[in-house]
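The values are calculated or read from the model by the stated rules, or taken from the named source; none is laboratory data. Quick caveat, the model's predicted, so the values are computed rather than measured. Here the Cβ positions follow ideal geometry from the backbone for every residue, glycine too, while neighbour counts run over all protein chains shown. Only protein heavy atoms, including side chains, enter the accessible area calculation; ligands, DNA and RNA are left aside. Shrake-Rupley method; radii C 1.70, N 1.55, O 1.52, S 1.80 Å.
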Amino acid sequence: MGHQFGGIPAEHNTVWTTNTVDNSLAVYSQRTGRHLATVPGVKHPRDVVIDSRHDLVWTAGLEDGSLVTFDARTYQEKKRIIIPGATPAGLAVDTRTGTVLAADLTNSRLIVVRPAAGTPTFVTVGQGAIDVALSTDGTTAYTANQGAGSMSVVDLRAGVVIKEILTGVESLAVANDDRAGHVYVANRGSGTTTAVDPRRGTALAVLPTGTNTNHVVLHRGTAYVVDKAAGGAAALDSIHRVRTTG
């Protein structure tokens, strides 16, 4: 399986996953767990995000620089954008506008695809940008920068980085909690998750979250962090729950 999965609105009752090994996505029934479809043709899809307002599913081909969108109802491909030399990894979507953001790992930049624009635009961020999160109002993006061990705060209106905060070794994933005003960054190399105040540009806390901390998501004021155990018979993957505060 791939790095992430995403649910679609209740009327579809489906879950999409990325399958990096065979260059495809899979669709499952959220209610029964039944496999509904395999969607081929995306080279090393690392992430998938759902635009529920526009009934679209977005993924990215890490190996060929593609951003691909599918119809959430029919699973048919609707659009494919190829960005030569890019390695798009983590994704985020602004469901109000349909704008899609992708972290470009090789080129250390943020790819911005707006529906009305003919071509993508780019914002240079921290070294090795691998994941991206978006503020609720769609004006600010946050990138996890694996090479720099940092998080960039991006003003999307101006198209510039306004802050870069060191978070830990091999920053791999990022999640935003607008309600508390915090952003969480999972740091694989240091086995930690860092809580960041993006307005002040400071790290509020660095929490131990297991060997090879791999991913973080936010749900109703709680951060859930998963790791990948280093190996061995006694090694177990774990989930850490972090309650956010305002």
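Here are a few things to note about the model shown:
- Residue within region 39-48 that is open to solvent by 50 Å² or more (accessible area, probe 1.4 Å), hydrophobic (A, V, I, L, M, F, W, C) and in a strand (DSSP E or B) present: no
- With respect to (1) closer than 20 Å to Glu170 by Cβ; (2) over 20 Å from the mean Cα position of the chain (by Cα), the lone exception for Gly201 is condition (1).
- Which listed residue is touching a Ser or Thr at 6+ places or on another chain (Cβ under 8 Å) and touching a residue at least 60 places away in the same chain (Cβ under 8 Å), from Val226, Val242, Val174: Val174
- Qualifying residue in region 66-83 (condition: touching a His at 6+ places or on another chain (Cβ under 8 Å) and open to solvent by 10 Å² or more (accessible area, probe 1.4 Å)): yes
- Of everything listed in (1) assigned to a loop (DSSP other than H, G, I, E, B); (2) over 18 Å from the mean Cα position of the chain (by Cα), the single unmet condition for Ala86 is (2).
- The single condition from (1) closer than 20 Å to Leu25 by Cα; (2) open to solvent by 50 Å² or more (accessible area, probe 1.4 Å) that Thr97 fails is (1).
- Inspection of region 153-173 finds no residue satisfying the criterion of being farther than 22 Å from Thr97 by Cα and at pLDDT below 95.
- When we screen Pro198, Pro208 for residues that are within 26 Å of Thr97 (Cα to Cα), in contact with a Gly (Cβ under 8 Å, 6 or more places away or on another chain) and free of Cβ contacts under 8 Å to residues at least 60 places away in the same chain, the only hit is Pro198.
- The strands (runs of 3 or more DSSP E) located wholly in region 133-246 that include 1 or more residues which are among the hydroxyl-bearing types (Ser, Thr, Tyr) and open to solvent by less than 40 Å² (accessible area, probe 1.4 Å) occupy 140-145, 150-155, 171-177, 182-187, 192-197, 213-219, 222-227.
- Applying the criterion of being assigned to a loop (DSSP other than H, G, I, E, B) and among the acidic types (Asp, Glu) to the residues of region 49-77, the residue that is modelled with the lowest pLDDT is Asp55.
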